[in-house]
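The values are calculated or read from the model by the stated rules, or taken from the named source; none is laboratory data. The model shown is predicted, which means the values in this text are computed figures rather than measured ones. Cβ coordinates were reconstructed from backbone atoms using ideal geometry, including for glycine residues, and neighbour counts include every protein chain displayed. Accessible surface is based on the protein model in full, side chains and every heavy atom, while ligands, DNA and RNA are left aside. Shrake-Rupley method; radii C 1.70, N 1.55, O 1.52, S 1.80 Å.
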Amino acid sequence: MRVLGGNMKIWLCNQATDMRKSYDGLIAQVRHVLDEHPHSGALFVFINRRRTQMKCLYFESGGYCLWGKRLEQGQFACPRPALENKLALHQTELMSLIEGLDVVITRQRKRYKRAA
């Protein structure tokens, strides 16, 4: 998977996804379920109903990239309850999800951001 940029948006689809879908099926899900533009440069994460498979879709210069992971044992953790169709993730949350860490954040601490 490519190196994630500091300002890259990451969207997790909270609805179970059919992992038989490839580029076109996932692009349609980005447009219609997540209500996002697939060329936006964001990374879109999809997990199946049993939470044993994950696919990440993103657009790089020249075309779409699709990254997948299937677990031989265990499940991917559900970061937060599914109240909406999509959930914004931070890079550390995505990497924790991929590595199998169950991160529970009760409060996000304030951090300095440079004014644009």
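So here's what we get for this one:
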| read-out | value |
| --- | --- |
| Surface per residue (accessible, 1.4 Å probe) for the chain, Å² | 71 Å² |
| Anchor K55: aspartates and glutamates whose Cα lies under 12 Å away (excluding residues fewer than 8 positions away in-chain) | D18 |
| Ranked order, M8, M54, M95 - accessible area, probe 1.4 Å, largest first | M95, M8, M54 |
| The range 17-75 - percent of accessible surface contributed by carbon and sulfur, probe 1.4 Å | 43 percent |
| Selected from E60, E72, E84 as most flexible by GNM, with the chain as the system and alpha-carbon contacts under 10 Å | E72 |
| Proximal aspartates and glutamates relative to K110, as straight alpha-carbon distance under 19 Å, when same-chain residues fewer than 8 apart are discounted | E93 |
| For N48, residues with placed amide H under 5 Å, excluding near neighbours | T17, Q53 |
| Selected from W67, I47, L34, residue furthest toward positive end of dipole (the range 28-72; charges at beta carbon) | I47 |
| Prolate/oblate/rounded call for the range 1-64, Cα gyration tensor, a/c under 1.5 rounded | prolate |
| For the chain: rounded, prolate or oblate by the Cα gyration tensor [a/c cutoff 1.5] | oblate |
